[in-house]
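A.B. asks: One structure is given below, represented as structure tokens, and several questions about it will come after.
The values are calculated or read from the model by the stated rules, or taken from the named source; none is laboratory data. Everything quoted here is computed from the prediction, not taken from an experiment. As a convention, Cβ positions derive from the backbone with ideal geometry for all residues, glycine included, and neighbour counts pool all protein chains shown. SASA here: full protein model, heavy atoms, side chains in, ligands and nucleic acids out. Shrake-Rupley method; radii C 1.70, N 1.55, O 1.52, S 1.80 Å.
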Amino acid sequence: MKPTITTTEYNYITQQVNDLTSAYLAVNDFQVRLAVRAKTIERVTPLLPSDELNTQHFLAGLETDRLSRKAAAKLLELLVPMVDPFPVLSTKKLAKLFRKVKKLKQPEWAGLKRYELTYLGWNDGGNQKKYLVAPYQGRLIGIQGELSPQTVKGVCAICQTIGNVALFLSTTKSSGLGTYTKKGNYICRDSNQCNRQLTDPQALTDFLTVVQPQRKN
Ligand SMILES: [Zn+2]
């Protein structure tokens, strides 16, 4: 099975399916349920590889009236092998991305659902730090910064969703001048949750354009 679904597409499909199961709980009119279901199928179908058996099983499963949350979760599992996941990075590769960090806390790979991750983000709570690894202009870049221990309700600069965000202060070296500027953005404290909410890859790219350190020439 060739992975052809992107992580943001997978998260979008998951959101659509979850919205559908919520609608089933709220709507008693059969015709309305039919219309909501048709809309969901119309939205997700173009994102699925049409020649895969799993796609056919998934779409056939969606036709069920009043699909339960449990059944929906089972259906979504059919898509996982078709998703191009975030790669596993060796300790060496991570060290290269964060050269200046002496004792880099490692991400907890075992608990990660890489098919949901468009970027990798983890916290070093003890040092109030957050680390991000994200694709940018065809390569992976590492961003680090201070993460405020205070959590507030607000819009995340990465996933554009309202949730528990914290001020992330990244240090950016201005090109040529040798001066450092700190850039503050409110982002989700929990980067795994943030990833699940990330359905637009452009939102991540825009964030990275603002916070990424300048490349040395
Ligand atoms: Zn977020």
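A.B. asks: Please work out if residue 154 is open to solvent by less than 50 Å² (accessible area, probe 1.4 Å), modelled with pLDDT of 95 or more and under 22 Å from residue 189 (Cβ atoms). Before you say what the answer is, go through the steps one by one.
C.D. replies: On the way: open to solvent by less than 50 Å² (accessible area, probe 1.4 Å): yes; modelled with pLDDT of 95 or more: yes; under 22 Å from residue 189 (Cβ atoms): yes.
Yes.
A.B. asks: Continuing with this model, one more query. Being in contact with a helix residue (DSSP H, G or I) (Cβ under 8 Å, 6 or more places away or on another chain), part of a loop (DSSP other than H, G, I, E, B) and open to solvent by 60 Å² or more (accessible area, probe 1.4 Å): is that true of residue 106 here? Walk me through it before giving the result.
C.D. replies: Values: in contact with a helix residue (DSSP H, G or I) (Cβ under 8 Å, 6 or more places away or on another chain): yes; part of a loop (DSSP other than H, G, I, E, B): yes; open to solvent by 60 Å² or more (accessible area, probe 1.4 Å): yes.
Yes.
A.B. asks: Would you please list the contacts, defined by Cβ atoms under 7 Å and residues six or more apart or on different chains, that run from a residue in segment 37-50 that is without any contact (Cβ under 8 Å) to a residue 60 or more places away in the chain to a residue that is among the hydroxyl-bearing types (Ser, Thr, Tyr) and assigned to a helix (DSSP H, G or I)?
C.D. replies: Here the result reads 48/55; 49/55, each pair linking segment 37-50 to a residue that is among the hydroxyl-bearing types (Ser, Thr, Tyr) and assigned to a helix (DSSP H, G or I).
A.B. asks: Could you check segment 86-144 and list, in sequence order, the residues that are closer than 16 Å to residue 212 by Cα and small (Gly, Ala, Ser)?
C.D. replies: Once the filter is applied, which keeps residues that are closer than 16 Å to residue 212 by Cα and small (Gly, Ala, Ser), segment 86-144 yields 121, 134, 138, 142.
A.B. asks: Report yes if some residue within segment 192-206 is open to solvent by less than 80 Å² (accessible area, probe 1.4 Å), β-branched (Val, Ile, Thr) and either touching a Lys or Arg at 6+ places or on another chain (Cβ under 6 Å) or modelled with pLDDT under 75 (or both); otherwise report no.
C.D. replies: Checking segment 192-206: not a single residue is open to solvent by less than 80 Å² (accessible area, probe 1.4 Å), β-branched (Val, Ile, Thr) and either touching a Lys or Arg at 6+ places or on another chain (Cβ under 6 Å) or modelled with pLDDT under 75 (or both).
A.B. asks: Kindly indicate whether residue 44 is among the hydrophobic types (A, V, I, L, M, F, W, C) and modelled with pLDDT under 95. So that I can check it myself, show each step before the final result.
C.D. replies: On the way: among the hydrophobic types (A, V, I, L, M, F, W, C): yes; modelled with pLDDT under 95: no.
Judged against the criteria, residue 44 is not a match.
A.B. asks: Sticking with this structure for a sec: Please go through (1) modelled with pLDDT under 95; (2) under 25 Å from residue 5 (Cβ atoms); (3) away from the ligand (no atom under 16 Å from the Cβ) for residue 215 and return the number of the only condition it doesn't satisfy.
C.D. replies: Tallying (1) modelled with pLDDT under 95; (2) under 25 Å from residue 5 (Cβ atoms); (3) away from the ligand (no atom under 16 Å from the Cβ), residue 215 fails exactly one: (2).
A.B. asks: Those residues that are open to solvent by 40 Å² or more (accessible area, probe 1.4 Å) and among the hydroxyl-bearing types (Ser, Thr, Tyr), I need them from segment 22-80; list them, please.
C.D. replies: Listed by number, the residues that qualify are 22, 45, 50, 64, 68.
A.B. asks: Suppose we keep only residues that are in contact with a Gly (Cβ under 9 Å, 6 or more places away or on another chain) and among the aliphatic types (A, V, I, L, M) within segment 82-100. Which one would you say is most open to solvent (accessible area, probe 1.4 Å)? Before you say what the answer is, go through the steps one by one.
C.D. replies: Here is the first cut: in segment 82-100, the ones in contact with a Gly (Cβ under 9 Å, 6 or more places away or on another chain) are 94, 96-99.
After this cut, where a residue has to be among the aliphatic types (A, V, I, L, M) as well, the list is 94, 97.
Values: 94: 0, 97: 37 Å².
Top of the filtered list is 97.
A.B. asks: Please determine, by comparing only the residues of segment 110-150 that are within 15 Å of residue 184 (Cβ to Cβ) and within 16 Å of the ligand (Cβ to nearest atom), which one is most open to solvent (accessible area, probe 1.4 Å). Break it down stepwise before answering.
C.D. replies: Of the residues in segment 110-150, the ones within 15 Å of residue 184 (Cβ to Cβ) are 128-130, 132, 143-150.
Subset that is within 16 Å of the ligand (Cβ to nearest atom): 130, 132, 143, 145, 147-148.
Working: 130: 0, 132: 4, 143: 5, 145: 4, 147: 10, 148: 33 Å².
The extreme case among them is 148.
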